[in-house]
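I have placed the structure first, in the form of structure tokens, so that the comments after it can refer back to it.
The values are calculated or read from the model by the stated rules, or taken from the named source; none is laboratory data. These numbers come from a predicted model, not from an experiment. Note: ideal-geometry Cβ built from the backbone for every residue, glycine included; neighbour counts use all protein chains shown.
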Amino acid sequence: MSHGKPAAMRRDFGDRAELVAYLQSAFPVAAACDAHIAATMGGRRAAESALARIDPTAYAATRNQLSGAVTRLSSYLRHGVLSLAEVRNAALRIAPQAAAKLISELGWRDYYRRVYGVIGGGVWRDLEPYKTGWQAHTYAATLPVDITAGATGLACIDAFSRELRTTGYLHNHARMWLAAYIVHFRRVRWQAGARWFLAHLLDGDPASNNLSWQWVASTFSHKPYIFNRENLETYTDGVYCRDCPLRGRCDFEGAYSVLEQRLFPHRSTSTAVVEPAPLRYEPAHMEHNLAALSHPIIWLHGDNLNPHSPALTAAGGAPTLWVWDDAQLVRTSISLKRIAFLYECLLELPVTIRRGDVAAEVLTFAAAQRADGVITNASTAPGFAAIRRRLAQTLPVVVLPEVPFVTPPPGIDLRRFSRYWRKVAASAMQAST
Ligand SMILES: Cc1cc2nc3c(=O)[nH]c(=O)nc-3n(C[C@H](O)[C@H](O)[C@H](O)COP(=O)(O)OP(=O)(O)OC[C@H]3O[C@@H](n4cnc5c(N)ncnc54)[C@H](O)[C@@H]3O)c2cc1C
């Protein structure tokens, strides 16, 4: 910064260890949260090799098993390194008859993003009352340390806690069990668990994460999700229960009716079931005049790091910028493994990397390039909308949508996935061009 010119962050690293050392000193807040790096590599190359390994037929038969043929594409999908349409198309090519199950799971991600687009920051508030018989204020506000440290004594829960922190990934079933344990067996507010997941998951996403937590908690579903030991043992091939010191006397022993009576003793008398109001989807207006820009810059953000994204395709070769949002990094306190994953994605893209206040940095970059506008990829995140508004006070901003996964009719009700999916599933099963 010696001449008042914002310094770009480094892009030249001999190996991963050198990158990690640089990130540890450049992002001390994230390193203080957890300085460990996950084995999963960021970037399109790694994403494409993971995509080449998907097996939609085995997926449909085994996805609920912890050892099942799940894709592990979530971190790439979360950051748009792969699009949902690309994965859908690949699944249809590989196994046209068996792809439906995988496509419907991709549909959950698309659905949650659309709900996020409607409720924005409301994703942090209970969307509905708990249907557990407990009032929201009776849930603890913070996570007990035995859970985050993996020291509850429950072999399964402790293993999931360690795996989350070490790998930045958990199988969907493990996420459901861990979330149910936190919210229902320990009576902790789902928001505390959601923040913990977002700090560590490489796919951490306020849309899929918070709304899944709310689904488990029952603040975005008709009933709380719980499990018993038999269920966990079935889908884990018994690997945790076998050696668990609490085997036979753990919190999860017993039939569902017994557990429900113990966990939700007030449910039937105190919880009136009220049908929640519809959540209406309205498509965003994407009018733009790309042709009016003769010398644009591209601003990339964390929802689309695909080298074939609409912005990079439409204006390939234009000066391109990424900005680490320093204030947000402090606010959200994500771990270093998430930063490393994103950084590796950026290193495969032709992009200048900076840090600071995002809108201010984009405008400074645009001014230095004598740009007449900013091109970017669409996002449903409320933070994106705020930055876009600030940019638009100074320069035209062109927001380009990605190839849609489905095109739901305006006004469709997003309150429950199953009702929504019945209406759009047929179109999701068609390959897009
Ligand atoms: C408490 C909780 C928190 C979660 N937090 C996140 C999160 O922060 N980010 C995230 O992407 N997913 C989240 N999920 C959803 C799901 O668990 C993960 O997407 C999935 O486990 C990722 O593994 P995979 O790529 O092997 O999935 P696969 O089973 O192979 O599915 C393929 C893709 O479909 C999408 N998908 C599958 N299941 C779901 C689902 N239930 N909800 C939304 N998308 C789905 C994902 O993009 C996934 O990569 C959460 C689920 C729970 C219960």
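Reported count of residues in the range 116-140, each being farther than 21 Å from residue 223 by Cα and of a type in the set (Gly, Ala, Ser), is 3. Being touching a residue at least 12 places away in the same chain (Cβ under 8 Å), basic (Lys, Arg) and farther than 26 Å from residue 323 by Cβ holds for only one residue in 114, 11, and it is 114.
Only one of the numbered conditions (1) at pLDDT 95 or above; (2) over 18 Å from residue 79 (Cα atoms) is violated by residue 308, and that is (2). Consider the range 169-206. How many of its residues are near the ligand (Cβ under 10 Å from one of its atoms) and assigned to a loop (DSSP other than H, G, I, E, B)? Residues flagged as near the ligand (Cβ under 10 Å from one of its atoms) and assigned to a loop (DSSP other than H, G, I, E, B) within the range 169-206 amount to 8.
Within the range 207-233, being farther than 19 Å from residue 66 by Cα, touching a residue at least 60 places away in the same chain (Cβ under 8 Å) and surrounded by 20 or more Cβ atoms within 10 Å (Cβ to Cβ) holds for 207, 208, 210, 211, 214, 217, 218, 219, 220, 224.
Yes or no: the range 321-334 includes at least one residue that is outside the structural domain of residue 196 (by TED's automatic domain parsing), farther than 27 Å from residue 165 by Cα, assigned to a loop (DSSP other than H, G, I, E, B) and modelled with pLDDT of 95 or more. Break it down into steps so the answer makes sense when it comes.
First, the residues of the range 321-334 that are outside the structural domain of residue 196 (by TED's automatic domain parsing): 321-334.
Pick out the ones that are also farther than 27 Å from residue 165 by Cα and you get 321.
When the remaining residues are screened for being assigned to a loop (DSSP other than H, G, I, E, B), the result is none.
Scanning the range 321-334, I find no residue that is outside the structural domain of residue 196 (by TED's automatic domain parsing), farther than 27 Å from residue 165 by Cα, assigned to a loop (DSSP other than H, G, I, E, B) and modelled with pLDDT of 95 or more, so the answer is no.
Among the residues making up the range 352-391, a single one is β-branched (Val, Ile, Thr) and out of contact with any helix residue (DSSP H, G or I) (no Cβ under 9 Å at 6 or more places or on another chain): 364.
Test residue 151 against the stated conditions and say whether it is within 12 Å of the ligand (Cβ to nearest atom), small (Gly, Ala, Ser) and either crowded, with 19+ Cβ neighbours inside 10 Å or not in a helix (DSSP H, G or I) (or both). Steps first, answer last, please.
Numbers: within 12 Å of the ligand (Cβ to nearest atom): no; small (Gly, Ala, Ser): yes; either crowded, with 19+ Cβ neighbours inside 10 Å or not in a helix (DSSP H, G or I) (or both): yes.
Here the answer is no, as residue 151 does not meet what is asked.
Give me the residue from the range 207-225 that is in a helix (DSSP H, G or I) and of a type in the set (S, T, N, Q) and, out of that set, farthest from residue 336 (Cα to Cα). Here the residue is 214.
Within the range 237-246, the set of residues being part of a loop (DSSP other than H, G, I, E, B) and more than 19 Å from residue 226 (Cβ to Cβ) comprises 237, 238, 243, 245.
When residue 95 is tested against (1) closer than 23 Å to residue 263 by Cβ; (2) over 21 Å from the mean Cα position of the chain (by Cα); (3) buried (at least 17 other Cβ atoms within 10 Å of the Cβ), exactly one condition is not met: (1). For residue 298, the criteria (1) in contact with a Gly (Cβ under 6 Å, 6 or more places away or on another chain); (2) part of a strand (DSSP E or B) hold in every case but one, which is (1).
Of the listed requirements (1) without any contact (Cβ under 8 Å) to a residue 60 or more places away in the chain; (2) aliphatic (A, V, I, L, M); (3) touching a helix residue (DSSP H, G or I) at 6+ places or on another chain (Cβ under 7 Å); (4) surrounded by fewer than 22 Cβ atoms within 10 Å (Cβ to Cβ), residue 192 misses just one: (3).
Can you tell me which residue is farthest from the ligand (Cβ to nearest atom) among those in the range 55-74 that are part of a helix (DSSP H, G or I) and touching a residue at least 24 places away in the same chain (Cβ under 8 Å)? Step by step, filter the range 55-74, then rank; the result is 57. A residue that is surrounded by fewer than 22 Cβ atoms within 10 Å (Cβ to Cβ), over 18 Å from the mean Cα position of the chain (by Cα) and more than 30 Å from residue 265 (Cα to Cα) cannot be found anywhere in the range 113-126.
Flag set for residue 77, criterion: within 11 Å of the ligand (Cβ to nearest atom), in a helix (DSSP H, G or I), under 18 Å from the mean Cα position of the chain (by Cα) and buried (at least 21 other Cβ atoms within 10 Å of the Cβ). Taking the numbered list (1) more than 27 Å from the chain's Cα centre (by Cα); (2) surrounded by fewer than 20 Cβ atoms within 10 Å (Cβ to Cβ) in turn, residue 281 passes all entries but (1). Scanning the range 237-256 for residues that are buried (at least 21 other Cβ atoms within 10 Å of the Cβ) and either touching an Asp or Glu at 6+ places or on another chain (Cβ under 8 Å) or of a type outside the set (A, V, I, L, M, F, W, C) (or both) turns up at least one hit.
Hey, could you check the range 80-96 for residues that are touching a residue at least 12 places away in the same chain (Cβ under 8 Å) and assigned to a loop (DSSP other than H, G, I, E, B) and say which is nearest to the ligand (Cβ to nearest atom)? Give the steps one after another, and end with the answer.
Residues of the range 80-96 that are touching a residue at least 12 places away in the same chain (Cβ under 8 Å), as a first pass: 80-95.
Still in the running and assigned to a loop (DSSP other than H, G, I, E, B): 80-83, 95.
Working: 80: 11, 81: 11, 82: 9, 83: 11, 95: 14 Å.
Among those residues, the one meeting the criterion is 82.
Quick check: anything in the range 270-283 within 30 Å of residue 154 (Cα to Cα) and not in a loop (DSSP other than H, G, I, E, B)? I'd like the intermediate steps shown before the answer.
From the range 270-283, those within 30 Å of residue 154 (Cα to Cα) are none; that's our starting set.
No, the range 270-283 has no match at all.
Note on the range 207-243: among residues that are touching a Leu at 6+ places or on another chain (Cβ under 7 Å) and near the ligand (Cβ under 10 Å from one of its atoms), the one that is nearest to residue 163 (Cα to Cα) is 209.
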